[in-house]
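The values are calculated or read from the model by the stated rules, or taken from the named source; none is laboratory data. Since we're looking at a predicted model, the values are computed, not measured. Note that each Cβ is placed from the backbone with ideal geometry, even for glycine, and that neighbours are counted across all protein chains shown.
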Amino acid sequence: MKQKKEYDPVIMGKAISHMALRVVVSGYLAYLAWKVLTEALNGGSPIPDWGAWLIFLAFVAAAAYFCVYSWRQYKKALKSSEISDSEESNSLSEAQEKDDEDN
């Protein structure tokens, strides 16, 4: 039977918060892309239509890349926060030694 993986809560918390912040940044880049395009197509900007489309595509590509980067960094942090069996047994033996010293 496959055991459930355990993760270090501190590293896991940092990984989740970094991922959330990166997703917000990606969303903001997508929002900026949309605003530039809609303003230019509505005539509220001196940017020509082809320029607005180029800016839109560049911002959307940056947002997509940043999402992929965020996911890869999250997976990397998740892997580094795994608690292996040897680390777990070391922490248990240290706890038992401390209890023996207290008695």
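General remarks:
- Scanning the stretch 73-80 for residues that are in contact with a Ser or Thr (Cβ under 8 Å, 6 or more places away or on another chain) and in a helix (DSSP H, G or I) turns up nothing.
- Count of the stretch 1-48 residues which are among the polar types (S, T, N, Q) and in contact (Cβ under 8 Å) with a residue 24 or more places away in the chain: 1
- Whichever residue in the stretch 36-88 is among the polar types (S, T, N, Q) and under 29 Å from His18 (Cα atoms) and, among such residues, is modelled with the lowest pLDDT: Ser86
- Gly43 meets all of the listed conditions (1) closer than 23 Å to Tyr74 by Cβ; (2) of a type in the set (Gly, Ala, Ser); (3) outside any helix (DSSP H, G or I) but one, namely (1).
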